[in-house]
Amino acid sequence: MSAFMSAFASLVGSLADLLQPLFQTASTAAAIILFTALVRLAVHPLSRAAARGQKARSRLQPQIAELRKKHGRNPERMQKAIMELHAAEKVSPLSGCLPSLLQMPAFFLLYHLFSSSSIGGEPNALLSHDLLGAPLGGRWHDALAHGGPFGGQGLVYLGLFVIVAAVATFSYGRTKRQMAAHPMTPAAGPDGQPVPGMGAMTKLMPLLSFFTLITVAVVPLAAALYVVTTTTWTAVERAWLYRDMPVAGGAMATAA
C-alpha cells in the first residue's frame, strides 16, 4: 500500500509540474481537477451504458406494471417474469451503480493522500501545497480557525459551497421533473408487496445532491475539489446524456 500511495503521489506531483506554468501556485489543485476529469473520462462509457439502461427501464415500466398486476398473487412468478423481461431487453437493474462505484477508489486515494503526514516513510510534500492560501490537506474547520468564513481560506470553501449548491439545485429540479414525467414502478419484495421505505427513498433521491455540501465541509480540500469537480461533471453529463428524455416541465411547455 505504501508503494502504491508513493506512486499515486508521484502521479499527482507530475501533473502539478506539467500544469505549473499555467496555474503557478495552484498547480496541484489544478492537477487534482485534471485527475478527476481523467477518471470521469475513463468511466464515461459506463455512464453512457447506464443512461441507455435507465431509458430502457423507463420504457419497460408499463410492461412491468402489467406483469405485477397479472402475477400479483404469485410473487415468485412475478419476479421471474420481470427478470425475463429485463434479460430479453438486455437491461441490467444495476448498471446505473457502476460509474459511482468505480469512482470511489479515486476519491479515497485522494482522501488518504492528503490526510497522511508521510508517504513511503518520507514527509508528505503535497501537504504544503494550497489553493489561494487554503492548504489542500486542510478542512473547513481549519479555515474557520484562520480568519473565519470570510477570511482568505474561508472564501475558498465558500466558493466551493456556492458551486455545489448551484449544481445541486440544477440537479434537484431536473430529477424532480424527470421523475414526474417518468414515474418508476415501486420496487417489490419477494411477496410482491412494495419494499418498506422505498417510497420515502424515492422522494429523498432528488435531495441527495445537497448532501455533497457536508462532504465538502468535512474532507480535506483536495478531496473536496474531487467531489466538486465530479459532481459538476455528473450534472452536465446527465443533462447531455438524457437530453432526449422529456421532463415534465418540457412536456407541459410543448403542450402549451
Fill in: HN-Hα J in Hz across region 212-225 - Karplus 6.51, -1.76, 1.60, θ = phi - 60°, x for Gly and Pro
4, 4, 5, 4, 4, 6, 10, 9, x, 4, 4, 5, 5, 4
Item to complete: Check the straight Cα-Cα distances from Lys176 and name the aspartates and glutamates below 15 Å, setting aside those fewer than 8 residues away within the same chain.
Response: none
Item to complete: May I ask you to rank Asp142, Asp244 by accessible area, largest first, using a 1.4 Å probe over the protein chains only?
Response: Asp244, Asp142
Discussion item. Please give me the summed charge of the neighbours of Pro45: other residues whose Cβ is under 14 Å from its Cβ, Lys and Arg +1, Asp and Glu -1.
Written reply: +2
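What does the charge count around Leu67 come to, taking other residues whose C-beta lies under 10 Å from its C-beta (Lys +1, Arg +1, Asp -1, Glu -1)? Please list the in-between numbers first.
Numbers: positive: Arg68, Lys69, Lys70, Arg77, Lys80; negative: Glu66, Glu84.
It works out to a net charge of +3.
The values are calculated or read from the model by the stated rules, or taken from the named source; none is laboratory data. Since the structure is predicted, the reported quantities are computational estimates derived from the model, not experimental observations. Note: ideal-geometry Cβ built from the backbone for every residue, glycine included; neighbour counts use all protein chains shown. These area figures cover heavy atoms from the full protein model, side chains too; ligands, DNA and RNA do not enter into them. Shrake-Rupley method; radii C 1.70, N 1.55, O 1.52, S 1.80 Å.
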